[in-house]
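Take a look at the following structure, please.
Here, each number is a calculation from the coordinates, and none is a lab measurement. Keep in mind that what you see is a predicted model, and the values were worked out from it rather than measured. Here Cβ is always computed from backbone atoms with ideal geometry, including for glycine, and neighbour counts include all displayed protein chains.
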Amino acid sequence: MWGKWIGCRVPVAARGRFATAQAAWPAIGDQPGLLGQVGGWDPDGGGALLLGLWADEGAYLRFMRDRHAAVAADSRRSADERHGRAGSGAGYTAIDAAAGEVVLDMPGDAAGLPQALERAALLRVADCRLAPGRGRHFLDVQREVWAPGMAAAGGMLAGVVVRLGEDRHLVATLWSDPAAHRRYADRHLPALRARAVPEDDLRSVSGGALPLEPAWRVLPTGRPRR
């Protein structure tokens, strides 16, 4: 499996334009190998965040080579048609994207990751920069402490760990609703953190809980809905 993490800096005045452009991306639902994409506004301000998941790197690279530019152009045209100012783009002033292999699949309440992408109302992300030599231990802790702990809390639908670089991993979990994540944070997180001792593995971590925008959700077409 392959993941892509995208951050877009979007001025407040351009949010409508960006949202219109983003709503054009479900057109790629027929793309072979797509598992899904979700996103929303960064709760700390500054822009939008998006997570895309693919069956493998080859499927992702074929999409980027054969189709990405055309769909991006269509999304900009949609924004121009609705908001005017032709040539103003999709509303973002900067973009930061990183992609990599999914190195851990975390099961939860959903039947599988595709169903979790369809049902989730909230995405919790931790963009982790690891201390040198801590990669193996970090993944062991994700597998043995965090994944079962979150699954036991209820409301965590599924999750992944994506290796975005040698010492950078993205931990992304999909939740049924914000209330379920709050219950987890209040009742389970402190004990899990004490067991995991994350400061031993991390140089830094950023992220947060991201309410998902329904119109930005991209799901494979032709898959039975559950």
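Among the residues of region 155-166, is any in a strand (DSSP E or B), among the aliphatic types (A, V, I, L, M) and under 20 Å from D44 (Cβ atoms)?
Yes.
Yes/no matrix, rows are residues, columns are (1) out of contact with any Gly (no Cβ under 8 Å at 6 or more places or on another chain); (2) of a type in the set (A, V, I, L, M):
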site	(1), (2)
A27	yes, yes
G33	no, no
A55	no, yes
F63	no, no
A72	yes, yes
A90	yes, yes
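Being closer than 21 Å to F18 by Cβ and in contact (Cβ under 8 Å) with a residue 40 or more places away in the chain is the filter here, so list the residues in region 56-74 that pass it.
Within region 56-74, V71, D74 meet the criteria.
Determine, yes or no, whether D105 is in contact with a helix residue (DSSP H, G or I) (Cβ under 9 Å, 6 or more places away or on another chain) and in a strand (DSSP E or B).
yes
Which numbered condition trips up A98, out of (1) within 16 Å of D201 (Cβ to Cβ); (2) within 15 Å of the chain's Cα centre (by Cα); (3) not basic (K, R)?
The failed condition is (1).
Would you mind finding the one in R143, R124, R129 that is part of a helix (DSSP H, G or I) and basic (K, R)?
That would be R143, the only listed residue that is part of a helix (DSSP H, G or I) and basic (K, R).
Run R136 past the list (1) touching a strand residue (DSSP E or B) at 6+ places or on another chain (Cβ under 8 Å); (2) more than 18 Å from Q37 (Cβ to Cβ) and report the number of the one that doesn't hold.
With respect to (1) touching a strand residue (DSSP E or B) at 6+ places or on another chain (Cβ under 8 Å); (2) more than 18 Å from Q37 (Cβ to Cβ), R136 is out only on (1).
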